[in-house]
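In what follows, a single structure is set out as structure tokens and then discussed.
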Amino acid sequence: ARATSAVTAGVAYARSRGRRFWLTGVAAATVLTGGYWSIHFATKHRTRCPQVAAAGDSVATAGRAKSFTVLLDAVGSRSAGDDLDVYYDVCGLAPGTTYTAALRAHQNGSGLRRLLGRAPSPVTVSYDEEAGGPAVRRHRTLDFSDMPPGSYSVELVVTDAAGRVREKQTEFQVAR
């Protein structure tokens, strides 16, 4: 009976508000959602690579390939059960250059804990990719839902077609 009266009261409230009220609410929600996603893509999906080569410059100079670098964004604290979003940049490779990006996320702790089998297995993924230009931004989502709370590290290893290796690492927390 209480649930029925609450639903009836809710419907009466919704009908008492005019069409203008609800259209304004929908418009405001749309603007807020669009604004959030605009800011998200403007900040998270824009490369952080320094100016690698001016327009028209080649990535190789005097027969010698310029070095490349990788940048790994800080992950920040996560809640247990959340997926792990990793953002990274590969800078300085010529367009069309192939490379392999390997990500490994593991719980920090003593070697004794790993020997006793109490540490969860690390999450490891690898991607064969191709540079679309001298500044490449990537976003990867790892299934991290089974990881318990604790301190973790994520490591990025990028190997280009010439066999050059670049590594970055960052630490983060998984909270309850």
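The values are calculated or read from the model by the stated rules, or taken from the named source; none is laboratory data. Owing to the predicted nature of the structure, the values given are computational and were not obtained by experimental measurement. SASA here: full protein model, heavy atoms, side chains in, ligands and nucleic acids out. Shrake-Rupley method; radii C 1.70, N 1.55, O 1.52, S 1.80 Å.
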Phi to ³J(HN,Hα) by Karplus 6.51 cos²θ - 1.76 cosθ + 1.60 over region 79-96, Hz, x for Gly, Pro: 8, 4, x, 7, 6, 9, 9, 10, 10, 8, 10, 10, 10, x, 8, 5, x, x
Under the Karplus curve 6.51 cos²θ - 1.76 cosθ + 1.60, θ = phi - 60°, whole-Hz ³J(HN,Hα) for region 133-142, x wherever Gly or Pro sits: x, x, 9, 10, 10, 10, 10, 10, 10, 9
Accessible-area value, Phe21, 1.4 Å probe, nucleic acids and ligands omitted, Å²: 90 Å²
J(HN,Hα) series, region 164-175, from Karplus relation 6.51 cos²θ - 1.76 cosθ + 1.60, nearest Hz, glycine and proline x: 6, 10, 10, 10, 9, 8, 9, 10, 7, 10, 10, 9
